[in-house]
Amino acid sequence: MVRTRFAPSPTGYLHIGGARTALYSWAYARKHKGTFILRVEDTDLERSTEESVQAILDGMDWLGLGYDEGPFYQMQRMERYKAVLQQLLDEGKAYHCYASREELDKLREEQQAAGLKPRYDRRWRDSKATPPVGVQPVIRFKNPLDGAVVIDDMVKGRVVVSNGELDDLIIARSDGTPTYNFCVVIDDWDMNITHVIRGDDHLNNTPRQINILKALNAPLPQYAHVPMILGHDGERLSKRHGAVSVMQYLEDGYLPEALLNYLARLGWAHGDEEVFDLDQFVEWFDLDSISKSPAKFNPEKLLWLNQQYLKKTDSKRLSELVLPFLETDCCDPETGPRMEEVIDLLKERVNTVEELADAAVYFYRPLTPSPELMAEHLTPEIIPAVREFQEKLGLVEWNKPSINSLMKSVVAEHGLKFPKLAMPLRLLVTGETQTPSVDAVLELIGREETLKRISAHMKSFA
Ligand code: GLU
């Protein structure tokens, strides 16, 4: 039975890299009808915050990555870690180390001076010396002295690390609190994790974790270390490259399914497939098709995908998503055309929900056209035609074809080309020059409001 986990540290928001790890762990569990667990690694008291925990939960929720167990919090498992620490001490698999900071600094300097790699020299490992008085010792794990750790990583392939490279890791600080690598091991063991899927920045922890698991006679999970995500400049993805918080994408008007689709493809491929839903992803996903090299984050591609999803999304759902944006833009959708109709007209033309809201504003409140555009489009030769349209618009049926034929008859009468009237009408009614076809826009804005808006401006040409 496959059991995977996502184990974020709540020291910031849920970022793109974390979300991708979560997605892969989630998908692997789903594919194998297994269990996906959320575990919050909150033992770093200085850097962990409640807000970050909430941000992670919100991010998972928005993305729709449901977990079957958890969230578990490491801080609530201290008793268990301490019990296992004691067990290792009792079994002689861990030991107290009383070396002071000064001693260790001195050791490091000597090793460096001798051209050696700095590392703890195991001075308390088998020591029979009397412990110094008043020193609170750390606990170190007795790493095997010989042999090597072999990791058959499901992404990286075989990785062999000689035990000679690993020193005796501190597993509890002098205040008795267990360290990060130790908690992860106990959790993965207790939670019966079968597949540890995580960023390859943790690869160098893995041999240490495996040695501790072996010392506990615990079964070893399989590991899959996923390469990092880089920015366009080849540096590790960071704030410099734009939004890295998952929730920022909600604020910027992205759809969660578009972001998931993008993250799925970021470092994993199924042929040339670009647009696929989560069910399809779960069916196709496999750890061995994760790319071995780091992926580059490409915001344009994400935007493109978002647009693909937006076009396909039902306008009813979009109207719910667009509402908070419209409210921020001081629009009251109750006072104008039905949002779904507005969205039908606009959704092919925009990339994000935010852009959709921006494009919808003039349906709910008039925007003031710039004087330059007014001067450009409302020239003396055009004004009589606009006036005639203004006078006759009360006489036709208010729908797109009738508005269109009215416009055609007015331009014909005045010997003008169609856009010569369409542009100023657009400008007068919407305040903008880039809109869907003007007859469709006017139909939705409504006869009364159209007349009101045109009249408001035409007064100045009296
Ligand atoms: N808590 C670690 C992190 O946020 C992940 C540890 C793991 O997946 O083993 O980077």
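Can you name the condition, by its number, that LEU63 falls short on among (1) within 16 Å of the ligand (Cβ to nearest atom); (2) under 20 Å from GLY267 (Cβ atoms); (3) open to solvent by less than 20 Å² (accessible area, probe 1.4 Å)?
Here LEU63 clears every test but (1).
Take region 352-366 and flag every residue that is in contact (Cβ under 8 Å) with a residue 40 or more places away in the chain and open to solvent by 40 Å² or more (accessible area, probe 1.4 Å).
Correct list: GLU354, GLU355, PRO366.
Residue under question is GLU381, and the condition is that it be outside any loop (DSSP other than H, G, I, E, B) and open to solvent by 80 Å² or more (accessible area, probe 1.4 Å); does it hold? First the steps, then the outcome.
Numbers: outside any loop (DSSP other than H, G, I, E, B): no; open to solvent by 80 Å² or more (accessible area, probe 1.4 Å): yes.
No, not satisfied.
With respect to VAL185, determine if the residue is of a type in the set (Val, Ile, Thr), open to solvent by less than 40 Å² (accessible area, probe 1.4 Å) and away from the ligand (no atom under 16 Å from the Cβ).
Numbers: of a type in the set (Val, Ile, Thr): yes; open to solvent by less than 40 Å² (accessible area, probe 1.4 Å): yes; away from the ligand (no atom under 16 Å from the Cβ): no.
No.
State whether one or more residues within region 15-30 are away from the ligand (no atom under 14 Å from the Cβ), β-branched (Val, Ile, Thr) and at pLDDT 95 or above.
Checked region 15-30: no residue is away from the ligand (no atom under 14 Å from the Cβ), β-branched (Val, Ile, Thr) and at pLDDT 95 or above.
Please go through (1) out of contact with any Asp or Glu (no Cβ under 7 Å at 6 or more places or on another chain); (2) within 16 Å of the ligand (Cβ to nearest atom); (3) hydrophobic (A, V, I, L, M, F, W, C) for TRP304 and return the number of the only condition it doesn't satisfy.
Answer for TRP304: the failing condition is (2).
Under the condition of being more than 14 Å from the ligand (Cβ to nearest atom) and surrounded by fewer than 17 Cβ atoms within 10 Å (Cβ to Cβ), which residue from region 191-217 is farthest from PRO10 (Cα to Cα)?
ASN217
Cβ-Cβ under 6 Å, sequence separation 6+ or interchain: first residue in region 185-208 and more than 12 Å from THR21 (Cα to Cα), partner surrounded by fewer than 19 Cβ atoms within 10 Å (Cβ to Cβ) and among the hydrophobic types (A, V, I, L, M, F, W, C). Which pairs?
Pairs found: VAL185/LEU213; TRP189/ALA218; THR194/VAL2; PRO207/VAL161.
Just one of (1) more than 16 Å from the ligand (Cβ to nearest atom); (2) in contact (Cβ under 8 Å) with a residue 60 or more places away in the chain; (3) part of a loop (DSSP other than H, G, I, E, B) trips up ASP152, so point out which.
(3)
Within the bounds of region 61-81, is there any residue that is more than 28 Å from the chain's Cα centre (by Cα), part of a helix (DSSP H, G or I), touching a residue at least 40 places away in the same chain (Cβ under 8 Å) and under 28 Å from THR130 (Cα atoms)? Step through it out loud before you land on a result.
If we filter region 61-81 for residues that are more than 28 Å from the chain's Cα centre (by Cα), which is where we start, we get 77-81.
Imposing the further condition that a residue be part of a helix (DSSP H, G or I) reduces the set to 77-81.
Checking the rest, the ones that are also touching a residue at least 40 places away in the same chain (Cβ under 8 Å) come to 77-78, 80-81.
Still in the list and also under 28 Å from THR130 (Cα atoms): 81.
Yes - at least one qualifying residue is present in region 61-81.
Consider region 337-350. How many of its residues are outside any helix (DSSP H, G or I) and crowded, with 20+ Cβ neighbours inside 10 Å? I'd like the intermediate steps shown before the answer.
Kept after step one, since they are outside any helix (DSSP H, G or I), are these residues of region 337-350: 337-338, 350.
If we keep only those that are crowded, with 20+ Cβ neighbours inside 10 Å too, we end up with 350.
Total satisfying the criteria: 1.
In region 83-111, what count of residues is obtained for those that are open to solvent by 70 Å² or more (accessible area, probe 1.4 Å) and either touching a Ser or Thr at 6+ places or on another chain (Cβ under 6 Å) or closer than 16 Å to LEU169 by Cα (or both)?
4
Looking at region 425-436, which of its residues are open to solvent by 40 Å² or more (accessible area, probe 1.4 Å) and either free of Cβ contacts under 8 Å to residues at least 24 places away in the same chain or touching a His at 6+ places or on another chain (Cβ under 8 Å) (or both)? Can you show your working first?
Of all residues in region 425-436, those open to solvent by 40 Å² or more (accessible area, probe 1.4 Å) come to 432, 434.
Scanning region 425-436 gives a single hit, GLN434.
Please go through region 46-60 and give me each residue that is open to solvent by less than 40 Å² (accessible area, probe 1.4 Å) and touching a residue at least 24 places away in the same chain (Cβ under 8 Å), ordered by number. Steps first, answer last, please.
Applying the first criterion (open to solvent by less than 40 Å² (accessible area, probe 1.4 Å)) to region 46-60 yields 48, 52-53, 55-57, 59-60.
Selection gives SER48, SER52, VAL53, ALA55, ILE56, GLY59, MET60.
VAL411 fails exactly one of the following numbered conditions: (1) over 49 Å from the mean Cα position of the chain (by Cα); (2) loosely packed, with under 14 Cβ neighbours inside 10 Å. What is the number of that condition?
(2)
The values are calculated or read from the model by the stated rules, or taken from the named source; none is laboratory data. Here the structure is a predicted model, which is why all the values come from computation and not from measurement. Ideal geometry is used to build each Cβ from the backbone, glycine not excepted, and the neighbour counts take in all protein chains shown. We work out accessible area using only protein heavy atoms, side chains counted, and drop any ligands, DNA or RNA first. Shrake-Rupley method; radii C 1.70, N 1.55, O 1.52, S 1.80 Å.
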